[in-house]
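Only one structure is covered here, and it is reproduced in the block below.
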Amino acid sequence: AEAAGVTLAVESRGSPEELSLTADYGRLDQVMGNLVANALRHTAEGGVITLSAEAKDGGVTLAVSDTGRGVPPDELPHIFDRFWSRGNAGGTGGGLGLAIARSIVTAQGGSIQAESTVGLGTTVRVTFHHPASSG
């Protein structure tokens, strides 16, 4: 981020206990790495990428938000498809990062979603729910 002239911010909402989750650390690192790399590719110098963690609805939501160019509404449903690149014709990369992220997240029982506004940026959220406690 520093080399690209992009500010990287980190936020958390919730106690350490509320923000803990059970997941494959290596795979979760891969997912977050893919999301941050994607955000860096689409955020111009002077932009901001925010990583956040929030305890919400009995689970943990991790998000990567950027102030990049955004994704047009007609393309947004396809960003997790294999070989699709943001901006498609003008996209960069092989179009596998978000598809891999979705595969890893869903294999661990989580969900992934994105929202975007052209000209304002994109947010990708990964949510894992805590298993029901047995009592």
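The values are calculated or read from the model by the stated rules, or taken from the named source; none is laboratory data. Please read these numbers as outputs of a predicted model, since none were measured by experiment. Counting neighbours? That spans all protein chains shown, and the Cβs are built from the backbone with ideal geometry, glycine included. Note: areas computed on protein heavy atoms with side chains; ligands, DNA, RNA excluded. Shrake-Rupley method; radii C 1.70, N 1.55, O 1.52, S 1.80 Å.
Filtering the stretch 19-41 for residues that are closer than 13 Å to residue 123 by Cα, assigned to a loop (DSSP other than H, G, I, E, B) and open to solvent by 50 Å² or more (accessible area, probe 1.4 Å) leaves an empty set.
Considering the stretch 92-135, and only residues there that are touching a strand residue (DSSP E or B) at 6+ places or on another chain (Cβ under 9 Å) and modelled with pLDDT under 90, the residue that is nearest to residue 78 (Cα to Cα) turns out to be 129.
Please determine, by comparing only the residues of the stretch 14-29 that are of a type in the set (Ser, Thr, Tyr) and over 16 Å from the mean Cα position of the chain (by Cα), which one is modelled with the lowest pLDDT. The residue in question is 22. If you scan the stretch 30-89, which residues turn out to be of a type in the set (Asp, Glu) and over 11 Å from the mean Cα position of the chain (by Cα)? Passing the criteria: 45, 54, 57, 74, 75, 81.
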